[in-house]
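Have a look at the structure below, then the notes.
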Amino acid sequence: MAKLTIADLKKIKDKVHSETSLRAGEHRAKVTVHMGTCGVATGARAVMDSLMGAISEANVSDVIVTTSGCAGLCSQEPMVTVELTGQSPIVYGNIDANKMRQIFMRHVMQGEVQTPFAIAKV
Amino acid sequence: MKAGNGEVDIQKEFTAGQLAKLDDIIKKFKDKPGALIPVLEEAQMVLQFLPMPILRVIAKGLNLPLSRVYGVVTFYSFFTMTPRGKHTLRVCLGTACYVRGGKSIMEAIQKELGVKEKETTPDRLFSLESVRCLGACGLAPVIVITEDVHGRMKTQKVKEILSPYREETVPA
Amino acid sequence: MKVFRSHFLICGGTGCHASGTAKVKKALIEEIDKRGLSKDVKIVETGCNGFCALGPIMVAYPEGVVYMSMKPEDMPELVEEHLVKGRILQRLLYKEPTTKEIIPAMNDIPFFALQELRVLRNRGLIDPENIDEAIARDAYSGMAKALTEMTQEKIIQEVLDSGLRGRGGAGFPTGLKWRFCFQSPSDVKYVLCNADEGDPGAFMDRSVLEADPHAVLEGMVIAAKAIGSHTGYIYCRAEYPLAIHRLNVAIAQAKEYGLLGKDILGTGFDFDLQIYQGAGAFVCGEETALMTSIEGKRGMPRTRPPFPAIAGLWQKPSILNNVETFANIAQIILKGASWYNAVGTEKSKGTKVFALTGDVNNVGLVEVPMGTTLGTIVYDIGGGIPRGRKFKAAQLGGPSGGCIPAEHLNAPIDFERVAELGAIMGSGGMIVLDEDKCAVDMARFFMDFVQDESCGKCTPCREGTKRMLEMLTNISQGKGKEGDIELLQEMAGIIKNASLCGLGQTAPNPVLSTIRYFRDEYEQHIRDKRCKAVVCSALFKSPCQHTCPAGMDVPAYIALIRSGRFEDAYKIMLQTNPLPSVCGRVCDHKCQSKCRRGKLDEALAIKFLKRFITDNAPRPKISPVSVTRKEKIAVIGAGPAGLTAARDLARRGYKVTVFEELSEPGGMLRWAIPAYRLPREILASEINDNIKSLGVEIKCNTRVGKDISFEQVGKDFDYIFLAPGAQKSQPMGVPGENLKGVYGGVEFLRDFNANEEAWLSGKKTIGSKVAVIGGGNSAIDAARVALRLGADVTILYRRERKDMPAADEEIVAAEDEGVKIEYLVAPLKIAETAGKVNGITCQRMKLSEFDRSGRKKPAPIAGSEFTLSVDAVIAAIGQTSDMTFVTKDSGVTVNKWSTFDLAKGSKSQTTNPKFFTGGDALTGPDTVIGAIQAGHQAASDMDSHIRKINSEPAYVEPPEDKIEIPFIIDEETVEAPQAKMPEMHGPERKRNFKEVELGYLREVAIQEACRCLRCDAEIG
């Protein structure tokens, strides 16, 4: 590895900082993928992968992804809840990888609720 | 330390491989300033203990008077001139461990092994030592067997903790 | 960019590793892989998180929750709950030791929340073996600034302005040290880091090196630039393998990045450093000894001057700073001196890291602003003392330091204040000692340490520490002599003045400091051969016997129970205690608080076993002793002290007459303690069979000062034992306390016990709502009696439950019966209608600073007043003696606390040699067993005094029947709790005065007796 300069130091800092900012606590949104038995059976895993891929591509570091167990509405699985900081959570049903990507780009990044997939406002 | 203590036949006590390693260590540090202590540390890692003839080899190799080497070895508690057991059992008697009952742990272990501090069991399985703080005060009282730290010790646990080390006994 | 939805930061410090981090981490990774979640979660092993006591610990982000005391078998559930179901696994969260509240988030746990992290800012947040993570948190930015934007003078000035003082112990200003070295001309200079953390009980340096090694390296480069050095050493003790490993990794990574070595960051500045392993000699923590050691010699200190800044390592100008000092440097440079010194006290700036250990709930690493009080560290951050024990002292500065006792819990901790209190800041080891630690033993422990580690160069240190150790060992073995304390102090002065290095100069500190604060303990060891903490085992047979004020041979009677020899057990008890069936019921059983079994599971039920004997064996017959002595003795007061003295004196052949004001003997046992705790007939028969039977005459209904004058007693008798007790309630000092319906605690109990029929038949009534003020046993007794009279009872206590002086079992029993207790409430005034109580106005209290006893003082909360409507108020806040019977010209002096003054050097003789005293009238309210002991003491003192005057030989106890004590111990000890005392059912007992505790059955008693560890049989 080449020796660093002061500018390199800053680059490393910025790069790693975004990777570890999860530990800092502030976030713009929290996305919950419901991964109960039924969720997983209907493809929640693919939804999760799609979401993680989208986050990575968008290079954002302030979106928290979490999971939860069965939401009790098995017929609507896979389900995802998006909660923008300071707003009410929106629950989406029958989500697949593509819809997930769309929800992420539109709702999480731009703040437009994707009403066609939404099933409830909690 | 008594005069004459530490006189052993090094050909019998150590393998040729060990002695060759000792030569390498001496060579590695030979012309560096302050070489003696690092040489002794590495030598002890290879040989387990540093009897008189080894000190002579080191003194000659580093071109130092034997008295200087002997003085350093006996000054620092890390070095030993007598053989150690297969497992070194160190009981922490730092303040935090003392306050939480380290002394009674030491007594229980002495009773269990039948040796006193700084002694080795006749089967050369355990050498018993006390140490002044391992910095694991959060787990006081603490004992260390070879490199395994056992924290929150109780006297009743002594037997149980020693047993796995005993089962691996190899004839000395 | 690789994104993870969760980061798990598992602590990989030495403490957590020893608790099993590696196995837990392996199990975690396996489980995550098994469930296909490895893409979602990043697992990072960090350096020490500081909360070592509850390791292994792991922080899960983004939630910020912290899991503690994890085991490999917990991992499937943890992954299932946390990662799959998105729920927090409750059972692995932190539970606050005092409130039992569960706190999930790390930053809400008081241990973490009250800290100010500067040196430890990266702990638990970064992977210490990954330089990029350190850089992300500003590592090497301070260095970059120092190398590119600052001159040497400017760096030194910044450090000087920050007020940073050496964190190794002495507190020398770091900037000044650097300036001296900077001004010392030489081509070769050295920067040395002292990581030879030899103070037992200190591990902050290890932790910094393990958690954030780059902070230390960076500080060293900045120092190198400031003084003009290009070579450095880190002297690290060999006992810290993980720290050495992490340092090696950090150095290699920094070199690879060009942050160490030649041409750092392209600035043209060179600095290289290596690690030097110490070989186990405490003295090498001293700066000149450390340098001698690096030179490859025996680590002995050198004389100063020349100071290391002029001629240090290999006679070249050198600076030596401690790990924590270096870890502060980069932030000072980056953020500026004024940022740094905004925190701290006038002369001690910034923060200090403490290794908080010993008898404290939250053992771990704590970083707080200089000036934080000791009480905040021990109680708020440390969570207080385990097992409800009392705080005795905090030991600071290890073998060079001293103790800070409970009376200074409010002291702000900084360099100056700590020194004033006789300790030193040292490297920051703070060892909490509870009441079970002996001051003499601690002094001996540290002296043993320093005499062992003395390098031997200076004679006063080499020989003096040996001699002091010898004396301390003698004192701890009961071989101390008068004058030893003064001699220790004198020798300490010589060693301090005549030693070359810090080790010798500070070696006597632990002794001086313990003498300063705990001189009484030294005196007890020397004069009474007593160790009240029950540590110095040469002084006693067993902890229980040593703790019992009357010295009852507990192991003996318990062994006899085990063998079924109950009558012999009874005989053993009577040797030291004339009232065992009383003590079997109402003793405060100090013996049990020191029982070694208590450290294993629960203390032995000594009190219950005592009662079992008296319930189940025939009382040994006591025959009258004929009067053989001419001196006539009067005892004033037929309480336990008076009765015991009367019995002892009668046994020695004296004619004894006891004067008692009330209609029956027993004192508080008869007139204050309610019958449901101590049935009347049991007390009466014990007094009859064990005391009256000896020939003691008890004159009831005879108040001295009224029915017979004090002078008359003085004329009629040769010697008088004054044991009037303390049966007058203290006033509360609030308006309205003289109203009808306001009672003193003991007055109420006495009235009830004297007029039981009137109270029970309703001729006398207390009303339907009663408030009892106070938290002692009398308050609880009064409350439970009022409850049995049909009242709704509320106890008002101004502190917290744990501060209540009443026995815990009494408080529990009162609650079980339906007594309500309000804590942190104090009375303000008592309200009335027509001269009769109708309410009590109170104020809520909050706890403020600590008082001298180490309890937090209650302070009123403004505007929190409230009124309870009540029909009666019982004030049981303390008692004093009624000394009106003592005439002024009698030569017996009574002091302002209404207790008797003693003649100099005596334990029972008053200022008039004819009069002796003991019990509550001497000490203030104490326990039954304390009174019994006082009776023994006075009887023995009176008899010795008489024999001395008559030039007779000392009294010899007549030989008693030899009772063989069986010796049976179980080979293995199996954990088992104390046997429960069967009780009358709550609702059933609420309306009557029958005895609540029913007594052990034979099998239960024998089984309980088998739990005894027989400490008395310990060999050597």
Practice task
Tell me which residues come under 5 Å, amide H to amide H, from C:Y743 once H is placed; ignore anything under 5 positions away on its chain.
Solution key: C:V873, C:I874, C:A875
Practice task
Identify, among C:P987, C:I968, C:A1009, the residue whose Cα sits farthest towards the positive end of the charge dipole of region C:951-1020, taking +1 on the Cβ of Lys and Arg and -1 on the Cβ of Asp and Glu, with the dipole about the Cα centre.
Solution key: C:P987
Practice task
Would you work out the relative contact order for region B:10-75, in percent, from Cα pairs under 8 angstrom that are 6 or more residues apart?
Solution key: 33
Handout entry: Hits among aspartates and glutamates - C-alpha to C-alpha of C:K948 under 19 Å, sequence gap 8 or more where chains match
Key = C:E631, C:D648, C:D718, C:E957
Problem - Charged-residue dipole, Cβ positions (Lys, Arg, Asp, Glu), region C:6-112 about Cα centre, Debye nearest 20 - result: 140
Fill in the blank from the handout: For chain C, the helices passing both cut-offs (Cα extent along own axis of 20 Å or more, Kyte-Doolittle mean at least -1.0, full DSSP H runs) are C:213-227, C:241-256, C:439-453, C:459-476, C:484-498, C:928-949
Problem - Ratio of the Cα radius of gyration of the protein assembly as shown to 2.2 N^0.38 Å, where N counts its residues - result: 1.08
Problem - Inter-centroid distance (Cα atoms) of region C:107-131 relative to region C:985-999, Å - result: 55
Problem - Virtual paramagnetic centre 7 Å along Cα→Cβ of C:L176, amide N under 11 Å, in region C:286-325 - result: none
Problem - Bridge type composition, chain C - antiparallel percent by DSSP, nearest 5 - result: 45
Completion exercise
Going through C:K2/C:K39; C:K571/C:K607; B:K154/C:K599; A:K10/A:K30 one by one, the pairs whose alpha carbons sit over 18 Å apart turn out to be A:K10/A:K30
Practice task
Find the centroid of the Cα atoms in region C:921-936 and in region C:208-246, then give the distance between the two in whole Å.
Solution key: 61
Completion exercise
In order over region C:769-776: 3J(HN,Hα) from phi, Karplus 6.51/-1.76/1.60, θ = phi - 60°, whole Hz, x for each Gly or Pro, gives 10, 10, 10, 10, 9, x, x, x
Exercise for the section: Search the structure for amide H atoms under 5 Å from the amide H of B:T88, placed 1.01 Å from N in the peptide plane, and list their residues when 5 or more places away or on another chain. Expected result: B:S127, B:T146
Handout entry: Length gained when the stretch B:M45-B:D148 is fully extended (0.36 nm per residue, less Cα-Cα span)
Key = 35.4 nm
Fill in the blank from the handout: Descending packing, highest mean Cβ count within 10 Å first, for B:11-22, C:237-248, C:136-147, A:81-92 is C:136-147, C:237-248, A:81-92, B:11-22
Problem - Solitary cysteines of chain B, where the nearest other Cys Cβ is not under 4.7 Å - result: B:C133, B:C137
Fill in the blank from the handout: A correct Stokes-Einstein calculation for region B:10-75, using the alpha-carbon Kirkwood radius, 10 °C and 1.306 mPa s, returns a whole-number D in µm² s⁻¹ of 136
Completion exercise
Given the candidates C:V343, C:C536, C:V368, the one whose Cα lies deepest towards the positive end of the charge dipole of chain C, counting +1 at each Lys or Arg C-beta and -1 at each Asp or Glu C-beta, is C:C536
Fill in the blank from the handout: Residues whose built amide H sits under 5 Å from the amide H of C:K699, excluding neighbours closer than 5 in sequence, are C:V658, C:F659, C:E660
Exercise for the section: Using a/c under 1.5 as the rounded threshold, could you call region C:131-340 rounded, prolate or oblate? The axes a ≥ b ≥ c are square roots of the C-alpha gyration tensor eigenvalues, and prolate needs a/b larger than b/c, oblate otherwise. Expected result: rounded
Problem - Subset of C:K390/C:K529; C:K390/C:K481; B:K30/C:K189; C:K632/C:K962 violating a 26 Å alpha-carbon distance limit - result: C:K390/C:K481; C:K632/C:K962
Fill in the blank from the handout: For the pair C:K888 and C:E30, the simple spin-label estimate (label points 7 Å beyond Cα toward Cβ) gives in nm 8.8
Problem - Label-reachable residues, region B:78-115, where backbone N falls under 20 Å from a point 7 Å from C:A22's Cα toward its Cβ - result: B:86-92
Practice task
Please give every one of the lysines within straight-line cross-link reach of C:K763, meaning a C-alpha to C-alpha distance under 27 Å, and leave out same-chain neighbours fewer than 8 residues apart.
Solution key: C:K728, C:K740, C:K820, C:K836, C:K990, C:K994
Completion exercise
Phi angles of region B:85-96, converted by Karplus (6.51 cos²θ - 1.76 cosθ + 1.60, θ = phi - 60°) into ³J(HN,Hα) in whole Hz with x for Gly and Pro, give x, 4, 10, 8, 9, 10, 9, 6, 10, x, 4, 4
Fill in the blank from the handout: Using the Cα gyration tensor of region C:21-179, the equivalent ellipsoid's semi-axes, largest first and to the nearest Å, work out to 39, 20, 12
Fill in the blank from the handout: Farthest towards the positive end of the dipole of region C:588-631, among C:I606, C:S626, C:N616 and with Cβ unit charges of +1 on Lys and Arg and -1 on Asp and Glu, lies the Cα of C:S626
Problem - Subset of C:K154/C:K347; C:K262/C:K335; C:K479/C:K594; A:K15/C:K95; C:K437/C:K914; C:K437/C:K496 violating a 28 Å alpha-carbon distance limit - result: A:K15/C:K95; C:K437/C:K914
Problem - chain A - share of DSSP beta bridges that are antiparallel (%, nearest 5) - result: 65
Exercise for the section: Please give the contour-minus-distance gain from C:E964 to C:H245: 0.36 nm per residue of separation, less the Cα-Cα distance, rounded to one decimal in nm. Expected result: 252.7 nm
Fill in the blank from the handout: For A:14-20, C:743-749, ranked highest to lowest by mean beta-carbon neighbours within 10 Å, the order is C:743-749, A:14-20
Fill in the blank from the handout: In deg cm²/dmol, rounded to the nearest 500, the helical mean residue ellipticity at 222 nm of chain C, built from -39500 (n - 2.57) for every DSSP H run of length 4 or more, is -10000 deg cm²/dmol
Problem - Fraction of antiparallel bridges per DSSP, the protein assembly as shown only, in percent to nearest 5 - result: 50
Practice task
Kindly write out, for region C:73-85 in residue order, the coupling ³J(HN,Hα) from the Karplus curve 6.51 cos²θ - 1.76 cosθ + 1.60 (θ = phi - 60°), rounded to whole Hz, with x marking Gly and Pro.
Solution key: 6, 7, 5, x, 5, 4, 5, 4, 6, 6, 8, 8, 8
Handout entry: Helix A:6-20 vs. chain A, principal-axis angle (Cα, 0 to 90°, nearest 10)
Key = 20
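Rule-based calculations on the coordinates, nothing more; no lab input. If you're wondering where the values come from, they're calculated on a predicted model, not measured in any experiment. Please note: Cβ atoms are built from the backbone with ideal geometry, for glycine as well, and neighbour counts cover all protein chains shown.
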